[in-house]
Amino acid sequence: MGRTVPAEALCGKVAVVAGATRGAGRGIAAGLGEAGATVICTGRSSRSGGIDSDYDRPETIEETAELVSQLGGTGVAVQVDHLDPPQVHKLAEKLRRDYGRIDVLVNDIWGAEILKGAPPEWNTPIWEHNLDRGLRILRLGIDTHLITSHHLLPLLVEEPGGLLVEITDGTAEYNADRYRISVFYDLAKVAVNRLAYSQGHELAERGATAVAITPGWLRSEMMLDNWQVTEATWRDALQDNRGHGLPTAPPAFASSESPRYVGRAVAAIAADPKRARWNQKSVSSAELAREYGFTDVDGTKPDSWDV
């Protein structure tokens, strides 16, 4: 299982992971659960149905909540479409009734992995890019974060010490001089880094911290399916599988990370009494692993940004 944040470091803390159904969101919820937190796992995909997701995937928020509880925390699933302000307002009212406050808010909402396209579609200029798809990327990747912060941050600043985490792709430094896939994707990921900076400016006077964290090459459920492997067999994707009719991942996949790695990064900052030193910063899970000493589930400290 690798090295984690101490098992009871976040006992008594209430965290909300917005976008916890799969991928980094599920990994973050699990990382917080390992440290003993109560984790509210929100998203659209629920066993109860009722809200359509942009993905046709089997994962649900209930599965994530159950994983949190299995790992030592308390998982609570709440179905929410974070593009719908009334639903997020209703979530805020429920949290205030049930807990009175929250200690950690993780804005991990995305949902545009399919909309961003496969590698052959990358680098499509804006005048050739499908406009509806591009604007949907911005709605899913930026508007959701703004709506969620607007309604939930009042609960975070009830007491000093709160933590807001914005999850993105690429640090501010990395993205500053690199074009990322398309104008729309680029704007979404750069904007989320800036959200941590601007919200950190507003939160500081209330004793709260905002930080942007990026995972590296993430072995999400969708990525594992793409290479037709599991978390237990992911290294098989690095073999020359063409003779067996299976896809072969590029060599850089060797430095990929499980979703739990970024989860432990979030838990490490949440458990740090000096977390304010990260306010308005943009960092990677690998940087935080070097700072705090946690590892991925296999005991390694991968860094796919070390290029």
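All of the numbers you see were taken from the coordinates with simple rules; none came from a lab. In this text the structure is predicted, and so the values were computed from the model without any measurement. Here the Cβ is made from the backbone with ideal geometry for all residues, glycine too, and neighbour counts use every protein chain on show.
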statement: Within region 152-192, the residues whose backbone N lies under 14 Å from a label point placed 7 Å from the Cα of residue 124 along the Cα-to-Cβ direction are 181-186
Computed label-point distance, nm, for sites residue 135 and residue 51 using a 7 Å Cα→Cβ extension: 2.3 nm
query: So what's the back-of-envelope 222 nm ellipticity for the chain, counting only DSSP H runs of four-plus at -39500 (n - 2.57) apiece and dividing by all residues, rounded to 500?
result: -10500 deg cm²/dmol
query: Hey, how many Å between the Cα centroid of region 177-245 and the Cα centroid of region 250-307?
result: 12 Å
query: Once amide H atoms are built 1.01 Å from N in the peptide plane, which residues 5 or more positions from residue 60, or in another chain, come under 5 Å H to H?
result: none
field: Estimated distance in nm for a label pair at residue 236 and residue 158, the labels positioned 7 Å out from Cα along Cα-to-Cβ
entry: 4.7 nm
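For residue 178 and residue 150 in one chain, what is 0.36 nm times their gap in residues minus the Cα-Cα distance, to one decimal in nm? Could the numbers behind the result be given before it?
Working: separation 28, 0.36 × 28 = 10.08 nm, distance 3.01 nm.
Taking residue 178 through residue 150 to full extension adds about 7.1 nm, to one decimal.
Report, for the chain, the % of DSSP beta bridges that are antiparallel, rounded to 5. Before the final figure, lay out the partial values.
Numbers: 0 of 28 bridges.
Within the chain, antiparallel bridges account for around 0 percent of the total.
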- prompt: Nearest 0.05, what FRET efficiency do residue 201 and residue 246 give at R0 = 51 Å with Cβ-Cβ as r?
  reply: 0.55
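At 18 angstrom or more along the helix axis (alpha-carbon based) and mean Kyte-Doolittle of -0.5 or higher, what helices does the chain contain? Whole DSSP H runs only. Could the numbers behind the result be given before it?
On the way: long enough: 85-98 (20 Å, -1.44); 183-203 (29 Å, 0.13).
Answer set is 183-203.
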